[in-house]
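Below: one structure, written as structure tokens.
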Amino acid sequence: MDTVFLGALAYLLDDPFQRSAALEIIERGAIRVGADGRIRAAGERRVVCAGLPSDSRVVDYGDAWLLPGLIDAHLHYPQYYALAAANRGLLSWLEQTVFPEEQAFSSQAYAARVADALVRRLLGGGVTTAVVYGSRFAPATAVLFDAAKRHGLRLFAGVTLMDRNGPGPLLTDPDSAWRLCETFYSRCQDEQDLHFVLTPRFALSCSPALLEMCGEFKRRFPDVYVQTHINENREEIDQVGRAFPEAQHYLDVYDQYGLLGPRTLLAHDVHPQGAELRRMAETGCVVCHCPSSNLFLGSGLFPLRRHLQHGISLALGTDIGAGLHFSVWNELSEAYKIQRLQGVGLNAAQLLYLVTLGPARALGIEDRAGTFKAGAMADFWVLDPTNDPYLCERLDRCEDAESPLFTLIQLARHHCRATCIRGRIVEQV
Ligand code: GUN
Ligand code: ZN
């Protein structure tokens, strides 16, 4: 039996940074979902509902909006309780706040509670796909995959790898790291929506031997995803230069070990050199911008326009726990402001693209996520402003089709009424 969901629709058909008519907004919209959880049709209600069998289930969300499931492309699971700590910038924050909290994940019971809470919180904010730094402890990362599978979150994650410049319990060695990575990689082979990600924390956490192991792993399993950090903070960049004196620049450290490619996600990149941007474009790396994290740690203003000029694919991340929000929706307003400070304007279509179709394409899951095209999984969330009188009054004053979406991006915060995964409502908030 099919189910039809009614509401206003907003979704991307294409890249709005390339094509101005990429955004589809349908006020009286509908999504028809088959029993297999896939979208059969989405669009104007009268078209989608024409000839609908009389036994179809109809779920009417009234004036609420149905938006594609959000993609949070960068966050740290063991930092769930590290949010909002006063700090003096990245490196001392890692030592004082992050490393102590991450050690608590040696307890599997603690980890299991947090994994469940995190996954539910992500889904409760409309996030249906997340790219996550797991724990250094294998049992803790295993329970994260379990929680994602149980609740239906599409998860990309790996064990956070470091073998230097951190407290002993967080460090591993290349041989143990290889074994753990192989175990998780194999486990994900049989799963449609769980993906293993090779996760060297960042250059300063990794010895040449650990980076060599990662490069070897990627050569052995070329379809593996890779995530790491780059060019987040000036002090960090200086230290990387001293730790790897033979590297031409920060990116070159990862390049020398064969870690770049279209499945490589580089978080931050606030302070890139031109040569790095050219090499990222050449190798097809994805850059993940983390707006509230960059503001909170004082890392700097992300140069979005330079990335676009080089044709680099972009995604957005909350970067929990340096970020302050559990829903990547709330990052859009920060992303907008960071660009405004640099004289760059982003419209609603471009903002929505950064958390839906853009990262879906970058991750190679466009056939399943990020938009409402027929055949994709019915992953969406319901943004419902109707219980918020001010928001409704403000929306009533919008004069063109796109401005309600822009207003919702700036003002809607805790308005996710439901999240639907593969046609099934998983979280009623
Ligand atoms: N660089 C290395 N590790 C981290 C981390 O946990 N958070 C952030 N924001 N940057 C990092
Ligand atoms: Zn991070």
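Read the figures in this text as sums done on the coordinates, not as results from a lab. Keep in mind the model is a prediction, meaning the values are calculated, not measured. FYI the Cβ positions are ideal-geometry reconstructions off the backbone, even for glycines, and counts take in every protein chain you see.
What the table below lists for this structure:
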quantity: Of the criteria (1) in contact (Cβ under 8 Å) with a residue 40 or more places away in the chain; (2) more than 15 Å from ligand 2 (Cβ to nearest atom); (3) of a type in the set (A, V, I, L, M, F, W, C), which one residue 206 fails; calculated: (2)
quantity: Scan of region 288-322 for residues that are in a helix (DSSP H, G or I), touching a strand residue (DSSP E or B) at 6+ places or on another chain (Cβ under 9 Å), within 15 Å of ligand 2 (Cβ to nearest atom) and of a type outside the set (Ser, Thr, Tyr), ordered by number; calculated: 291, 294
quantity: In region 284-311, residue nearest to ligand 1 (Cβ to nearest atom) [restricted to those that are surrounded by fewer than 22 Cβ atoms within 10 Å (Cβ to Cβ) and under 13 Å from residue 362 (Cα atoms)]; calculated: 284
quantity: Residue 364 away from ligand 2 (no atom under 16 Å from the Cβ), more than 18 Å from residue 415 (Cα to Cα) and either among the charged types (D, E, K, R) or out of contact with any strand residue (DSSP E or B) (no Cβ under 6 Å at 6 or more places or on another chain) (or both); calculated: yes
quantity: 3 or more residues within 30 Å of residue 165 (Cα to Cα): qualifying strands (runs of 3 or more DSSP E) within region 1-94; calculated: 70-76
quantity: Residues of region 137-155 classified as aromatic (Phe, Trp, Tyr) and under 25 Å from residue 359 (Cβ atoms), total; calculated: 1
quantity: Test for residue 249: is it away from ligand 2 (no atom under 14 Å from the Cβ) and touching a Lys or Arg at 6+ places or on another chain (Cβ under 8 Å); calculated: no
quantity: Count - residues of region 314-346 that are free of Cβ contacts under 8 Å to residues at least 60 places away in the same chain and over 17 Å from residue 296 (Cβ atoms); calculated: 8
quantity: Qualifying residue in region 270-277 (condition: more than 16 Å from ligand 1 (Cβ to nearest atom), outside any helix (DSSP H, G or I) and small (Gly, Ala, Ser)); calculated: no
quantity: Residues being surrounded by fewer than 19 Cβ atoms within 10 Å (Cβ to Cβ) and either assigned to a helix (DSSP H, G or I) or small (Gly, Ala, Ser) (or both) - total across region 362-390; calculated: 5
quantity: Flag for residue 335 being part of a helix (DSSP H, G or I) and over 27 Å from residue 85 (Cβ atoms); calculated: no
quantity: Qualifying residue in region 65-80 (condition: surrounded by fewer than 17 Cβ atoms within 10 Å (Cβ to Cβ) and in contact with a Leu (Cβ under 6 Å, 6 or more places away or on another chain)); calculated: no
quantity: Residue that is surrounded by the most Cβ atoms within 10 Å (Cβ to Cβ), among those in region 344-358 that are in contact with a helix residue (DSSP H, G or I) (Cβ under 8 Å, 6 or more places away or on another chain) and in a loop (DSSP other than H, G, I, E, B); calculated: 346
quantity: Candidates 173, 193, 163, filtered to the one that is of a type in the set (Asp, Glu) and surrounded by fewer than 21 Cβ atoms within 10 Å (Cβ to Cβ); calculated: 173
quantity: Every residue from region 40-88 that is within 17 Å of the chain's Cα centre (by Cα) and closer than 16 Å to residue 378 by Cβ; calculated: 67, 68, 69, 70, 71
quantity: Flag for residue 37 being over 20 Å from the mean Cα position of the chain (by Cα), in contact (Cβ under 8 Å) with a residue 60 or more places away in the chain and within 21 Å of residue 375 (Cα to Cα); calculated: yes
quantity: Residue 226 being within 16 Å of ligand 2 (Cβ to nearest atom) and either assigned to a helix (DSSP H, G or I) or in contact (Cβ under 8 Å) with a residue 40 or more places away in the chain (or both); calculated: no
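Here's the yes/no breakdown for (1) under 22 Å from the mean Cα position of the chain (by Cα); (2) in contact (Cβ under 8 Å) with a residue 24 or more places away in the chain; (3) within 22 Å of residue 294 (Cα to Cα); (4) within 16 Å of ligand 2 (Cβ to nearest atom):
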| residue | (1), (2), (3), (4) |
| --- | --- |
| 163 | no, yes, no, no |
| 170 | no, yes, no, yes |
| 186 | no, no, no, no |
| 198 | yes, yes, no, yes |
| 213 | no, yes, no, no |
| 237 | no, yes, yes, yes |
| 241 | no, no, yes, no |
| 244 | no, yes, no, no |
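For (1) among the hydrophobic types (A, V, I, L, M, F, W, C); (2) in contact with a Ser or Thr (Cβ under 8 Å, 6 or more places away or on another chain), each residue gets a yes or a no:
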| position | (1), (2) |
| --- | --- |
| 49 | yes, no |
| 72 | no, yes |
| 87 | no, yes |
| 109 | yes, no |
| 114 | yes, no |
| 131 | yes, no |
| 140 | yes, yes |
| 147 | yes, no |
| 150 | no, no |
